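The values are calculated or read from the model by the stated rules, or taken from the named source; none is laboratory data. Everything numeric here is computed off the predicted structure, so don't read it as measured data. Note that each Cβ is placed from the backbone with ideal geometry, even for glycine, and that neighbours are counted across all protein chains shown. Accessible surface is based on the protein model in full, side chains and every heavy atom, while ligands, DNA and RNA are left aside. Shrake-Rupley method; radii C 1.70, N 1.55, O 1.52, S 1.80 Å.
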Amino acid sequence: MTTTQVKPLTAGTAGTPDRTSSLRQLMQVQSFQILLVLLAIFLVFAALAPEVFPTWGNVRQIIQNVSILGVLGIGMTFVIVTSGIDLSVGSNLVFSGVVAAKVMQAMGDAGWGTAAVGILVAVGCGLGWGLLNGILIAKAKVPPLIVTLGTLGAALGLAQVITGGVDIREVPAVLQDTIGYGNVPGTTLPTISLVALALILVFAVVLHKTRFGLYTFAVGSSEESARRVGVKVDRQLISIYALSGALAGVGGILSLSQYGTTAIAGQSATNLNVIAAVVIGGTSLFGGVGTIFGTVVGLFIPAVLQNGFVIVGVQPFWQQVAVGAVLVAAVYVDQRRRAAAARGHSSKTEGRKRLFGLRSS
Amino acid sequence: MTTIPVLEARGLTRSFGNVRALDGADFDVHAGEVVALIGDNGAGKSTLVKALSGNLALDSGSILFAGGEVDLNSPTQASSLGIETVYQDLALAPHLNAAQNMFLGREIPKPGFQGRLGFLDNKSMRAKSRAAFDELGATVRSLSDPVGAMSGGQKQAIAIARAVAWAKGVIFLDEPTAALGVVQTKNVLETIRRVRDKGVGVVFISHSMPHVLDVADRVQVLRLGRRVATYEAKKTTVEELVGAMTGALDGAHS
């Protein structure tokens, strides 16, 4: 992978007028480079375990495993594009799941009516935490890292207060049978993955094609500039953290459906896994740059590594080592690109100069 | 001039703690004229521009637009009156492209239902941006590259083109030539004249006295948060301006 040939990706570059060079531009975008990495990893495992790894059954398993993280990754991409961070998604997911489970437990029956109420409750809880995050960040001007670190603790703590620390294991059967481990009728695609895919497509369009998306990039690129031209920066930030929260609520109900338990202790590293995926996918922690597509690819790399290591008999702990390396490499690429852009050179010529041992002035 | 100024400030006062940044400052600019606003560091130039572009709350004083008193308390409100500002730092979003910066905050939605969903008419925004840059003779090579990767001169051109495109009443240029080379400076001064000839009032803030005398019709001098002198650019000299800025000529001129 030639990591030097990277060009910053702006909002809505899809549809640039000169289509002749669009393929070359495509190759310079980090999310596509990372897609090549993913393909390479896939091919290596496929070669090592041709009987097991590249089968639909196994791929289906991987897709199912990343679905919930994919839903969280959407919101996280919006947040990180604004140069923010949301550490609270995992706790928010647990809290939303716990409250929804409590409500559904209290309603008693296991039909669709109960399930629908549960879904609304979970999304509402998530939205509430997201709004709280957004208001504290945009209005009270507390840094996102601190606000969401606070709500991370608060949401998890309250979830444990509500349950007394004991997981709730009563989840309506309809949720488990259809969304949880059911397939889309007539196919073998997990329903949970279809839900994630639909959300991903909708919000990819929102981020890259609409005014809301453009303002997300503008706020991340230069908050002050956006404010001066009349963009309502505070409202934009609150909406984005609310979106991230609401999607964590969706994740809460999906998790309940999939695992049949509130899994209070199971989400302690979810936030970091999602952040890592977003960053691996080429979204810059410094804001202004990013794609939903990259995030999806970034989620598959850890999942494929985990799955592949198990199948070929490597200790799965190596997955964490490999993901760590990929993460640092991705941020290194981003830094190089930013430094090159700041110097006003294209990073491509910079890379050549370095390659041939020339010093730029 | 006998006409009503397009923008006038009367007795503006604003304190930051114990510092009186504006101390009863007056200011006026007519349509179709270039007014240079000069003063030493800390004289209150930037504060005055902020107040007149809706970026600063005032302690007292009044602002009149075309003779009628207005309450400028947000940049959006100033833009709705056709008052635009090119800030020293240009206020561009570096990751967005030239066309996106040009229309940021004022995007053209797609017609019909798509527009209501938030979809944007990128095609016509690009075409209009291109037309605006061409009109100024600005060399913006790419409309789809992020402006952060462009040269200082190109960024400046985009910021000025944006302000010019939307300014129907007054345009403020805060030290637009400070970071520019000889040719680019000449272009900016040429642009200022062209905008003035369109009938817009131009307020030009600069430390460069030759540029001020070159392009301005009138020069207003601020010192210690107050307008201390107004000169016809044709009838004044660099020495006189510097004298007024530093206070050496106190009382010598009205």
Taking the stretch B:53-63 and keeping only residues that are under 17 Å from the mean Cα position of the chain (by Cα) and either more than 14 Å from chain A (Cβ to nearest Cβ) or open to solvent by 60 Å² or more (accessible area, probe 1.4 Å) (or both), one is left with B:ILE63
Failed criterion for A:GLY281 (all others in (1) within 13 Å of chain B (Cβ to nearest Cβ); (2) small (Gly, Ala, Ser); (3) closer than 22 Å to B:GLY148 by Cα hold): (1)
Mind checking which pairs have a first residue in the stretch B:230-250 that is in the same structural domain as B:VAL35 (by TED's automatic domain parsing) and a second that is assigned to a loop (DSSP other than H, G, I, E, B), Cβ under 6 Å, 6 or more apart or different chains? B:ALA233/B:ALA216; B:ALA233/B:ASP217; B:GLY243/B:LEU249; B:MET245/B:ASP40
Per the filter on the stretch A:106-120, residues hydrophobic (A, V, I, L, M, F, W, C) and either open to solvent by less than 20 Å² (accessible area, probe 1.4 Å) or under 14 Å from A:ALA154 (Cβ atoms) (or both) are A:ALA115
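Yes/no per residue for (1) modelled with pLDDT of 95 or more; (2) of a type in the set (A, V, I, L, M); (3) not in a helix (DSSP H, G or I):
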site	(1), (2), (3)
A:LEU152	yes, yes, no
A:GLY157	yes, no, no
A:GLN176	no, no, no
A:ALA198	yes, yes, no
A:GLY220	yes, no, no
A:ARG227	no, no, no
A:GLN236	yes, no, no
A:SER239	yes, no, no
A:LEU247	yes, yes, no
Just to be sure I understand, how many residues within the stretch A:206-225 are open to solvent by 40 Å² or more (accessible area, probe 1.4 Å) and touching a helix residue (DSSP H, G or I) at 6+ places or on another chain (Cβ under 8 Å)? 3
Is it the case, given these coordinates, that B:LYS186 is without any contact (Cβ under 8 Å) to a residue 12 or more places away in the chain and open to solvent by 10 Å² or more (accessible area, probe 1.4 Å)? yes
If I ask for residues that are farther than 24 Å from B:ALA98 by Cβ and open to solvent by 30 Å² or more (accessible area, probe 1.4 Å), which ones from the stretch A:192-205 would you list? A:LEU194, A:VAL195, A:LEU197, A:ALA198, A:LEU199, A:LEU201, A:VAL202, A:PHE203
With the checklist (1) open to solvent by 60 Å² or more (accessible area, probe 1.4 Å); (2) touching a residue at least 12 places away in the same chain (Cβ under 8 Å); (3) under 17 Å from A:ALA101 (Cα atoms) in hand, flag the one item A:VAL123 doesn't pass. (1)
Considering only the stretch B:117-154, how many residues are more than 10 Å from chain A (Cβ to nearest Cβ), at negative phi, modelled with pLDDT under 90 and open to solvent by 30 Å² or more (accessible area, probe 1.4 Å)? 4
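Select from the stretch A:183-209 the residues that are within 14 Å of chain B (Cβ to nearest Cβ) and small (Gly, Ala, Ser) and list them in ascending order.
Here is the first cut: in the stretch A:183-209, the ones within 14 Å of chain B (Cβ to nearest Cβ) are A:202-209.
Across the stretch A:183-209, the qualifying residue is only A:ALA204.
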Would you mind telling me which numbered condition in (1) touching a residue at least 40 places away in the same chain (Cβ under 8 Å); (2) in a helix (DSSP H, G or I) A:ILE85 fails? (2)
Being of a type outside the set (Ser, Thr, Tyr), within 8 Å of chain A (Cβ to nearest Cβ) and in a helix (DSSP H, G or I) is the filter here, so list the residues in the stretch B:73-100 that pass it. B:PRO75, B:GLN100
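Rundown of residues vs (1) over 11 Å from the mean Cα position of the chain (by Cα); (2) over 12 Å from A:ILE74 (Cα atoms); (3) open to solvent by 10 Å² or more (accessible area, probe 1.4 Å), yes/no style:
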residue: A:LEU272; (1), (2), (3): no, yes, yes
residue: A:ALA276; (1), (2), (3): no, yes, yes
residue: A:GLY287; (1), (2), (3): yes, yes, no
residue: A:VAL296; (1), (2), (3): no, no, yes
residue: A:PRO302; (1), (2), (3): yes, yes, yes
Consider only pairs whose beta carbons are under 6 Å apart and that are at least six residues apart or on different chains; among these, list those whose first residue lies in the stretch A:213-230 and is more than 8 Å from chain B (Cβ to nearest Cβ) and whose second residue is aromatic (Phe, Trp, Tyr). A:THR216/A:PHE78
Among the numbered conditions (1) in contact with an Asp or Glu (Cβ under 7 Å, 6 or more places away or on another chain); (2) closer than 19 Å to B:LYS198 by Cα, tell me where B:VAL6 comes up short. (1)
Whether any residue in the stretch B:28-46 is part of a helix (DSSP H, G or I) and open to solvent by less than 10 Å² (accessible area, probe 1.4 Å) is what I want to check. no
Positions within the stretch B:82-115 being within 23 Å of B:THR47 (Cβ to Cβ) and open to solvent by less than 50 Å² (accessible area, probe 1.4 Å), in sequence order: B:GLY82, B:ILE83, B:GLU84, B:THR85, B:VAL86, B:TYR87, B:LEU90, B:ALA91, B:LEU92
Which of the residues belonging to the stretch B:80-129 are among the basic types (Lys, Arg) and closer than 15 Å to B:VAL140 by Cβ? B:ARG126, B:LYS128
